[in-house]
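Written below as structure tokens is the structure these notes are about.
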Amino acid sequence: IPLDIYFEDNDLIVLNKQKNLICHPTSKNEDDTLVNALLYHTKHLSDIQGKIRQGIVHRLDKDTSGLMLVAKTNEAHIKLQEDIKNKKTIRKYLAICYGIINEDEGKIEKPLVHYLDKTVKMNVSNEGLYALTKFKVLERFEGATFLELKLETGRTHQIRCHLSYIGHPLINDDLYGAKAFKTGIFKNLKTTGQVLMSYYLSFTHPKTNEIMEFEIKKENYHPDLLKVLKLLRS
């Protein structure tokens, strides 16, 4: 598995994760994961969360691509996770959802809980954990909206579930109701899962205290995102 590394030093790695890659081994997939690729690349990964999740500071879904932080030491891992918890880390995503969102910007503040035991799917429920997603409209099309989203909390499937809850599931996110929207130009649109990409990451370096900032440039956007934008703009 090739790694698209944007930055690496003795403490951490910033990489652009491809789609169709899970972050760490599971009972169903023990080998083809990001952790396996990282272990092949380096002997130095934090193991504070056990062998299975070595280095993984925060996760991206299997079919979400983009920027991710990996810790090489336990000290870096603790510091980076604390900063995420204390909202010092900025994580922004680009997404295209079905339907037109009228507000130029807004927030979705709804608690999330696992839909059923042992499934990954999430559901909005008052029993759930606090979750806050902020959004900004970048462009509106006929039947779709191009968004920038900022995670204030990092729950499983947070963006996907929140957008589905307000009636605007991500394009081709079948787990969260996209099938109902597949008409017209979207009918035969093929992508690798949902159209969602982590494109911006800013954090404080755990050793040097330097503010680190990374952004995926337009020409390097995931092909799915470029493909859908091209279709919508035509």
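The values are calculated or read from the model by the stated rules, or taken from the named source; none is laboratory data. Being a predicted model, the structure only gives us computed values, none of them experimental. All Cβ positions, glycine included, derive from the backbone under ideal geometry; neighbour counts span all protein chains shown. Note: accessible area is taken over every heavy atom of the protein model, side chains too, but ligands, DNA and RNA are not part of it. Shrake-Rupley method; radii C 1.70, N 1.55, O 1.52, S 1.80 Å.
Looking only at the chain, where both bridge partners belong to it, what percent of the DSSP beta bridges are antiparallel (to the nearest 5)?
Around 95 percent antiparallel, to the nearest 5.
Once the Cα gyration tensor of segment 149-229 is diagonalised, what are the square roots of 5 times its eigenvalues, in whole Å and ordered largest first, as equivalent ellipsoid semi-axes?
Its equivalent ellipsoid spans semi-axes of 30, 17, 8 Å.
Name the shape class, rounded, prolate or oblate, that the alpha-carbon gyration tensor gives for segment 91-234, where a ≥ b ≥ c are the square roots of its eigenvalues, rounded holds for a/c under 1.5, and otherwise prolate holds if a/b is larger than b/c and oblate otherwise.
Values: a/c = 1.77, a/b = 1.12, b/c = 1.58.
It is oblate, given that a/c is not under 1.5 and a/b is not larger than b/c.
Please compare each pair in Lys107/Lys190; Lys187/Lys227; Lys19/Lys85; Lys62/Lys121 to a cut-off of 19 Å on the Cα-Cα distance and tell me which ones are over it.
Over 19 Å Cα-Cα: Lys107/Lys190; Lys19/Lys85.
Sort Val195, Val137 by heavy-atom solvent-accessible area, probe 1.4 angstrom, most to least.
Ranked from most to least accessible, the order is Val137, Val195.
Cross-link partners among aspartates and glutamates for Lys179, C-alpha distance below 19 Å, same-chain residues fewer than 8 apart left out?
The qualifying aspartates and glutamates are Asp63, Glu142, Asp224.
Keeping all protein chains in the complex and leaving out DNA, RNA and ligands, what accessible area do you get for Leu129 with a 1.4 Å probe, in Å² to the nearest 10?
100
Enter the accessible area of Glu105 (Å², nearest 10), with the probe set to 1.4 Å and all protein chains included.
Spelled out: Glu105, probe radius 1.4 Å, area about 130 Å².
I need the shape label for segment 84-161. Rule: rounded when a/c is under 1.5, else prolate if a/b > b/c, else oblate, with a, b, c from the alpha carbon gyration tensor.
It comes out oblate by the Cα gyration axes.
Please get the size of the charge dipole for the chain, origin at its Cα centre, with Cβ charges of +1 on Lys and Arg and -1 on Asp and Glu, quoted in debye to the nearest 20.
Values: 35 positive and 30 negative charges, 99 e Å.
About 480 debye.
What's the carbon and sulfur percent of the chain's accessible surface, probe 1.4 angstrom, rounded to a whole number?
Here it works out to 48 percent.
With both partners inside segment 1-129, how many of the DSSP beta bridges are antiparallel, as a percent to the nearest 5?
On the way: 15 of 16 bridges.
For segment 1-129, the DSSP antiparallel bridge percentage is about 95.
Just add up the charged neighbours of Lys72: K/R +1, D/E -1, any other residue whose Cβ is under 9 Å from the Cβ of Lys72.
-3
Separation of segment 101-165 and segment 1-75 by C-alpha centroid, Å?
With segment 101-165 and segment 1-75 each reduced to a Cα centre, they are spaced 24 Å.
On a 0 to 90 degree scale, rounded to 10, what angle separates helix 223-233 from the longest Cα axis of the chain?
Orientation of helix 223-233: about 20 degrees from the principal axis.
Helix 74-85: angle to the longest alpha-carbon principal axis of the chain, degrees 0 to 90, nearest 10?
It works out to around 30 degrees.
Under the definition of Cα pairs under 8 Å and six or more residues apart, what whole-number percent is the relative contact order of segment 117-234? Kindly include the intermediate steps, with their values, before the conclusion.
On the way: 123 pairs, mean separation 19.7, N = 118.
Result for segment 117-234 is 17 percent.
Going by a ≥ b ≥ c, the root eigenvalues of the Cα gyration tensor, does segment 1-79 fall in the rounded group (a/c under 1.5), the prolate group (a/b larger than b/c) or the oblate group?
Note, shape of segment 1-79 comes out oblate.
Where a Cα-Cα gap under 18 Å defines reach, which lysines qualify for Lys72, not counting those fewer than 8 residues away within the same chain?
Lys17, Lys43, Lys51, Lys207
Helix-derived [θ] at 222 nm for the chain: sum -39500 (n - 2.57) over DSSP H runs of at least 4, divide by residue count, nearest 500?
The per-residue figure over the chain is -5000 deg cm²/dmol.
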